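To start, the structure itself, in structure tokens.
The values are calculated or read from the model by the stated rules, or taken from the named source; none is laboratory data. Fair warning: this is a prediction, and the values are worked out from it, not measured in the lab. We place every Cβ from the backbone using ideal geometry, glycine too, and count neighbours over all the protein chains shown. Accessible surface is based on the protein model in full, side chains and every heavy atom, while ligands, DNA and RNA are left aside. Shrake-Rupley method; radii C 1.70, N 1.55, O 1.52, S 1.80 Å.
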Amino acid sequence: MNSPTKITVIGLGYLGATHAAAMAELGFDVLGLDIVPEKIQKLARGHAPIYEPGLDELLGRHVAGLPGSSGRLSFTTSFADLAAFGDVHFVCVNTPQRPGEYACDMSYVDAAVEALAPHLDRPTLVVGKSTVPVGSAARLARRVAELAPAGAEAELAWNPEFLREGFAVEDTLSPDRIVAGVTGERAEATLREVYATPIAAGTPFLVTDLPTAELVKSAANAFLSTKISFINAMAEICEAADGDVVRLAEALGHDDRIGKKFLRAGIGFGGGCLPKDIRALMARAGELGAAEAVSFLREIDAINMRRRAAMVELTRESLGGSLLGKRVAVLGAAFKPDSDDVRDSPALNIAGQLHLQGAQVTVYDPKAVENARRVFPTLAYASSAVEAAQSADAVLHLTEWREFREIDPAAMGEVVGERRILDGRNTLDPELWRKSGWTYRALGRPTA
Ligand code: UDX
């Protein structure tokens, strides 16, 4: 299919790069913009600025100028080019936590809208995808209409993105739902056209007002965080009562009303979304006079951060009460497997705390070493799990990459100083490790 609707994507990070490639895959001509020229240069060669499974292949299929590509995807750094090209403009820039505050930093979204809108001289739809505090969309819609030569013909809609890193391509091409926050029928019709393929494949399309669309995203992430912190709170009880949180979660999961997903206890949630999104929701609720409604999120955040400290303590205790001079191998630096993202990564945070408390820490991650080194240059890095484990007094499993589950405990046992494995993700098989003479410890699980 070659659609007459032309699409642009502003901000080419995890969200935008994937969205741009997916839109080209759906048959649209797409122009992507980022203010970082190196990112554009990389993308134009068919390489994603981040590690995301399947994304390089998708870019290779569509980036203009690459051999055998559809040529439907190209890039620019000019907002004037963007406005001249597109009918629908997706805003995919990030909204990080503001330093020293709970609220999120809207400056990238605001800057994108301020730069784009003055060029909008014909009927267009600006579609926000970034996660923003409720109320932002209505404010930005007014701003677009004010700045655009097309006036009210330049509309704004909010279409939150629910993609998970590691599954971004899959989640973007076949989302489990599409939420369209709109103020009129034209915007709804445009979004139905953009998403015609997933809608035809059965993806539910939910039309809401602007604030509800913004809130769906905040609420989804608040719920997921709550579920993870719930099971981690139960892990704390298990530790006190000598219970097993893995068996507990399994038994809870059989209850259809609860479900199995997001009940994996361990060192907790991190990444560029959940931690900052629950804090941004607390901040915004406060501004709206509804702070009490989400005061429980403070506890969710606290439980989560406690798990990192608990992992450090478990390591100290296992090493006989002191970390000083102890060799610790850390397997995993990314905040989750199949990603090279180390933003607010529990694994890297724990590695850093152990190092600061006197341990000699060597980190290995299949994809995130480069990013980790930038954040924590003082840690030692290895190029394989076995290399990291050389002479280690303890091996910590902190990001559940498949290759760590496939480690042969007997082989790794040959290189370590002490056969001591601490599983921060509860995904290794304790029996397998114990059979090879390892001491296996994990958060929320009995010692032996
Ligand atoms: C999340 C949301 O899932 C996604 O819908 C939203 O668009 C962005 O934020 P993501 O940050 O990619 O996606 O990761 P997710 O898979 O949700 O995991 C978040 C964190 O929770 C990771 O650190 C993960 O290790 C942790 N986690 C997840 C647990 O500790 N236990 C679980 O059971 C599940």
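Observations, loosely collected:
- Flag if residue 346 is closer than 30 Å to residue 130 by Cα, open to solvent by 10 Å² or more (accessible area, probe 1.4 Å) and within 13 Å of the ligand (Cβ to nearest atom): no
- Residues of region 78-109 satisfying the condition of being surrounded by fewer than 16 Cβ atoms within 10 Å (Cβ to Cβ) and either charged (D, E, K, R) or outside the structural domain of residue 149 (by TED's automatic domain parsing) (or both): 101
- Of the listed requirements (1) open to solvent by 10 Å² or more (accessible area, probe 1.4 Å); (2) over 29 Å from residue 164 (Cβ atoms), residue 314 misses just one: (2).
- The set of residues in region 126-149 being open to solvent by 20 Å² or more (accessible area, probe 1.4 Å) and of a type in the set (Gly, Ala, Ser) consists of 135, 138, 141, 145.
- Number of the condition not met by residue 298 [criteria: (1) within 16 Å of the ligand (Cβ to nearest atom); (2) touching a helix residue (DSSP H, G or I) at 6+ places or on another chain (Cβ under 7 Å); (3) basic (Lys, Arg)]: (1)
- Residue match in region 24-34 (condition: in contact (Cβ under 8 Å) with a residue 40 or more places away in the chain, open to solvent by less than 10 Å² (accessible area, probe 1.4 Å) and closer than 17 Å to residue 159 by Cα): no
- Test: residue in region 134-152 that is part of a strand (DSSP E or B) and either closer than 19 Å to residue 213 by Cα or in contact with a strand residue (DSSP E or B) (Cβ under 9 Å, 6 or more places away or on another chain) (or both): no
- Given (1) crowded, with 17+ Cβ neighbours inside 10 Å; (2) within 12 Å of the ligand (Cβ to nearest atom), number of the condition residue 260 does not satisfy: (1)
- Qualifying residue in region 158-169 (condition: closer than 24 Å to residue 13 by Cα, away from the ligand (no atom under 16 Å from the Cβ) and not in a loop (DSSP other than H, G, I, E, B)): no
- Just one of the listed residues (409, 377) is under 28 Å from residue 341 (Cα atoms), free of Cβ contacts under 8 Å to residues at least 40 places away in the same chain and open to solvent by less than 20 Å² (accessible area, probe 1.4 Å), namely 409.
- Test result for residue 253, within 11 Å of the ligand (Cβ to nearest atom) and within 27 Å of residue 313 (Cα to Cα): no
- Test: residue in region 266-288 that is over 15 Å from residue 349 (Cα atoms), within 12 Å of the ligand (Cβ to nearest atom) and open to solvent by 60 Å² or more (accessible area, probe 1.4 Å): no
- Subset of region 204-228 [touching a Gly at 6+ places or on another chain (Cβ under 7 Å) and within 11 Å of the ligand (Cβ to nearest atom)]: 228
- Screening 272, 325, 266, 289 for residues that are of a type outside the set (Asp, Glu), free of Cβ contacts under 8 Å to residues at least 12 places away in the same chain and assigned to a loop (DSSP other than H, G, I, E, B) leaves exactly one candidate, 289.
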